[in-house]
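See below for the structure under consideration.
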Amino acid sequence: MKFIQTLQNIWKIEDLRNRITTTLWFIVLYRLGTTIVLPGIDPASLVALKTQTRGGLMALLDMFSGGAFSNASVFALGIMPYISASIVMQLAAIVVPSIQKMQREGESGRRKINQWTRYLTILILLVQGPLYLVNLRTQLMAVGATLPEGFWFAFTSTIFMAAGSMLTLWMGERITDKGVGNGVSFIILVGILARLPRAFVAEVALRFQLPGGLFVIILEIILLLLVMAGAILLVQGTRRVPVQYAKRTVGNRQFGGARQYIPLKVNAANVMPIIFAQALMFIPLTFIGFNTETTSPFWQTFLSGRGFWYNFIFAVLIILFTYMYTAVTINPGQMSDELKNSNGFIPGVKPGRATKDYLDDVMSKITLPGAIFLALVAIMPAFAQYFGVSQEFSQFFGGTSLIILVGVVLDTLQQIESHLLQHHYDGLLETGHIKGRQGYMY
């Protein structure tokens, strides 16, 4: 069987074997960390907190932390504060000249920006930590339990959670450097997959209590596969722009003359717009506190994830972030200069500024439908809930979870396939190659 042969080939490549093993060890450590409860808290008293995180934005927070949020773990705040800090730094790079200058400094500038992002992450953690404890105290009171009183408990617990989030970030970076895939995205993926079995079992149990439950379950699985197929097309879709290379003679040898293609991705920003938009949608929780039951009816509806205004704002943010992130990652001017320097040109388009404008126009046209489709997939859970799918299982019909799952899995498989091809083994597919989230030139 090809699958078994592929596993044997992966195991034969020492570097790839070590990377996969390293990734698995860090994932095991992370999952163990999500079960370590903050000192002074009785795990048996967390029933109300687990109930609170079964729906709405609280469920997403718990999902991104791999269940650490509902476990009152030292990893409870997860990786989202770092993502929020990254958003702030990327937005600042648009309007702050000094940060723009650092971006142009190459590796040294990137290290400085990363360091500033970490400092900002710590500040966000120091704000979110006490808010988490306020919500935790409220939830424990609902079941007749209490948190230890005093400044020292609040201070140490905040430090523990901040250290846990920074350790999570460190593990993610080690996976990126020493493992396979993007570490931060991989950690979010693990948190999503950790909730899938429980959500699926709960949905099956719910459906079999109703007439025609088996038929509904089969229909839900088919729809889920269709949405996932659409997400894969969104991640992999490209518009190929033909490039002709001029002939040139060096000595007695002739070069150029071949036609190739530049694959411009329909969704060049990949999963980042939906992660960024989701991080901004968590901001109201920071201002009004995690205890949404004491807020106004409007905010309760907004934070439930089902309201019109929540999904409308979420979709608009995704479209805006898609354009912003595409503008940051795709530089038509640089592509035009590279084509000119390599004696390449687009047939029918003059080199230089005309080529830049042409590439920019193509990117604008293909980014809009990609951004709209990405936004539709993101708000799909609200439609699933409207048709009776449970809150937990509906998160896998689209939204942040599905896009991250598809994008990270394809990106990881592409890296594994690249190692196989470098060592002259067959790829993971019998025909063609896996396209991850990173574009490449043919």
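The values are calculated or read from the model by the stated rules, or taken from the named source; none is laboratory data. Note that the structure is a prediction, hence the values are computed from the model and not measured. We place every Cβ from the backbone using ideal geometry, glycine too, and count neighbours over all the protein chains shown. The protein model used for the area step is the full one, side chains on, heavy atoms only, and it has no ligands, DNA or RNA in it. Shrake-Rupley method; radii C 1.70, N 1.55, O 1.52, S 1.80 Å.
Yes/no matrix, rows are residues, columns are (1) among the small types (Gly, Ala, Ser); (2) on the phi < 0 side of the Ramachandran plot:
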position	(1), (2)
322	no, yes
329	no, yes
342	yes, yes
348	yes, no
359	no, yes
365	no, yes
378	yes, yes
381	no, yes
388	yes, no
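Looking only at the stretch 379-397, decide whether some residue is modelled with pLDDT under 75, open to solvent by less than 40 Å² (accessible area, probe 1.4 Å), of a type outside the set (D, E, K, R) and closer than 30 Å to residue 9 by Cβ.
no
If I filter the stretch 78-93 for residues that are surrounded by fewer than 19 Cβ atoms within 10 Å (Cβ to Cβ), among the small types (Gly, Ala, Ser) and either farther than 19 Å from residue 191 by Cβ or without any contact (Cβ under 8 Å) to a residue 40 or more places away in the chain (or both), do I get at least one hit?
Scanning the stretch 78-93 turns up at least one residue that is surrounded by fewer than 19 Cβ atoms within 10 Å (Cβ to Cβ), among the small types (Gly, Ala, Ser) and either farther than 19 Å from residue 191 by Cβ or without any contact (Cβ under 8 Å) to a residue 40 or more places away in the chain (or both).
More than 24 Å from residue 123 (Cβ to Cβ), in contact with a Lys or Arg (Cβ under 7 Å, 6 or more places away or on another chain) and either buried (at least 21 other Cβ atoms within 10 Å of the Cβ) or β-branched (Val, Ile, Thr) (or both), is that true of residue 201?
no
Show the residue pairs that are 6+ apart or on different chains and have beta-carbon atoms under 6 Å apart, the first residue being within the stretch 301-313 and modelled with pLDDT of 75 or more, the second being surrounded by fewer than 20 Cβ atoms within 10 Å (Cβ to Cβ) and not in a loop (DSSP other than H, G, I, E, B).
307/301
For the stretch 303-362, enumerate the residues that are among the polar types (S, T, N, Q), in a helix (DSSP H, G or I) and over 30 Å from residue 283 (Cα atoms).
334, 336, 341, 355
Could you please find all residues in the stretch 17-73 being outside any helix (DSSP H, G or I) and on the phi > 0 side of the Ramachandran plot?
Within the stretch 17-73, 40, 66, 67, 72 meet the criteria.
All but one of (1) buried (at least 21 other Cβ atoms within 10 Å of the Cβ); (2) in a helix (DSSP H, G or I); (3) under 25 Å from the mean Cα position of the chain (by Cα); (4) at pLDDT 85 or above hold for residue 176, so report the exception by its number.
Of (1) buried (at least 21 other Cβ atoms within 10 Å of the Cβ); (2) in a helix (DSSP H, G or I); (3) under 25 Å from the mean Cα position of the chain (by Cα); (4) at pLDDT 85 or above, only one is false for residue 176: (1).
Within the stretch 157-171, can one find any residue that is more than 24 Å from residue 53 (Cα to Cα), open to solvent by 30 Å² or more (accessible area, probe 1.4 Å) and at pLDDT 90 or above?
Within the stretch 157-171 (the criterion being more than 24 Å from residue 53 (Cα to Cα), open to solvent by 30 Å² or more (accessible area, probe 1.4 Å) and at pLDDT 90 or above), the answer is yes, since at least one residue qualifies.
Pick from the stretch 37-71 the residues that are touching a residue at least 40 places away in the same chain (Cβ under 8 Å) and open to solvent by 40 Å² or more (accessible area, probe 1.4 Å): which of them is farthest from residue 137 (Cα to Cα)?
Per the stated criteria, the residue is 54.
Within the stretch 121-139, how many residues are under 25 Å from residue 98 (Cβ atoms) and either polar (S, T, N, Q) or buried (at least 18 other Cβ atoms within 10 Å of the Cβ) (or both)?
Total satisfying the criteria: 3.
Can you tell me which of 183, 164 is within 23 Å of residue 117 (Cβ to Cβ) and touching a strand residue (DSSP E or B) at 6+ places or on another chain (Cβ under 8 Å)?
Exactly one residue qualifies, and that residue is 164.
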